[in-house]
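Peer 1: Handing you a structure now.
A short reminder: the numbers here are calculations on the coordinates, not readings from a lab. Quick caveat: nothing in here was measured; it's all calculated off a predicted structure. Neighbour counts are summed over all protein chains in view; Cβ atoms, including those assigned to glycine, are modelled from backbone coordinates with ideal geometry.
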Amino acid sequence: MDTTTSSVGQASSSSQQACLPAVGDVLAIVRTPRDSAAYVASRLAARDDGSVTGCAMTPAFLGARASRGEATVMALLESPPTVQRHDDLRTGGDGDAFIRLAASAGARQPQWTVLGQDPGHDLARLSAWHDLIVVQRPSDEGARPLDGLKALLLATHRPCLVLPVTCAPRGVFDRAVLAWDGSGPAARAIRSALPLIVAAREVVLLDGTRHDRKAEPVVFDPVGFLARHRVNVIHRRVQATAAEAGAALLKKARQAKADLLVMGAYGHSPLREQLLGGATQYVLMHATLATWLAH
């Protein structure tokens with residue numbers, strides 16, 4: 001990936017970014033400072049003077065092979081033994097590499113950090129002042145990233161943009177598919193993903209709500225909400241059982257040639273999803289396109 005641009009190219013890129021809706025402050029969870037997540041997070045943050053923070057994370061966080069045995073839930077949040085301390089990064093290393101990449105992508109005042117002795121606490125504090133978390137699925141075919149991604153979604157209370165193993169690192173997605181089941185997480189996902197939805201050339205809403213649901217005094221209307229933001233939506237009804245929902249979403253996304261899927265995460269409890277299967281678990285394990293999730 002070549003992130004070198006001329007002064008003219010940088011001006012053009014900055015002008016284009018300024019025309020896109022603001023995403024806010026973005027936290028990139030990365031294994032190396034040149035991960036696709038680092039570049040995408042920087043491009044998103046650059047839209048309207050948002051900040052970007054790179055955070056070094058052990059490969060075990062996403063279930064990749066580590067130097068010791070299979071990762072446990074506690075091991076997923078452990079600091080890598082060879083990571084540089086924050087003070088050391090002032091004179092070079094991964095911190096400088098991330099800052100150079102982020103600056104070349106248009107982000108202003110990028111920052112770099114590593115997790116300390118209490119990584120869970122550090123991650124919670126970092127996410128508290130960020131609007132979005134960007135992370136990439138590991139390339140290790142034997143990786144099992146479900147626990148790490150679940151920790152990001154449930155412990156940080158922030159939407160997460162999960163990039164596929166293979167992706168073109170950029171900050172705009174052309175075709176977005178939105179999963180709508182009438183749940184709170186689905187509504188939060190659509191609202192939080194609005195900056196990416198508005199920038200898409202085509203938006204498809206897959207509506208899996210049941211017509212026999214009990215009437216509610218106030219109901220979120222995703223089509224009306226998006227219309228107020230001048231987004232034309234292709235509205236399609238989808239019928240699938242709870243066990244089939246995840247596979248159905250990915251199939252429909254492939255048929256639409258989508259490069260972004262927006263969906264609520266863990267509409268049921270994570271334990272129920274683990275025991276009975278669920279859309280979130282299936283998508284996290286099998287998606288080959290960028291996925292925006294909110295709990």
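Peer 1: So what's the net charge close to Ala46: Lys and Arg +1, Asp and Glu -1, counting the other residues with Cβ under 13 Å from its Cβ?
Peer 2: +1
Peer 1: Rank these for me by crowding, Thr32, Thr166, going from fewest to most other beta carbons within 10 Å. Display every interim value, and only then the final one.
Peer 2: Working: Thr32 13, Thr166 10.
Lowest count first: Thr166, Thr32.
Peer 1: Just want the ordering: His235, His286, from fewest to most Cβ atoms lying within 10 Å of their own Cβ.
Peer 2: Fewest-to-most ranking of His235, His286: His286, His235.
Peer 1: Sticking with this structure for a sec: May I have the extent of the alpha carbons of the stretch 175-294 along their three principal axes, as whole Å values ordered from largest to smallest?
Peer 2: Ordered largest first, the stretch 175-294 gives principal extents of 41, 37, 22 Å.
Peer 1: Please rank Asp174, Asp181, fewest neighbouring Cβ atoms within 10 Å first, as an exposure proxy.
Peer 2: Asp174, Asp181
Peer 1: How big is the shadow of the Cα convex hull of the stretch 92-137, averaged over all directions, in nm²?
Peer 2: Taking a quarter of the hull surface, the average projection is 4.3 nm².
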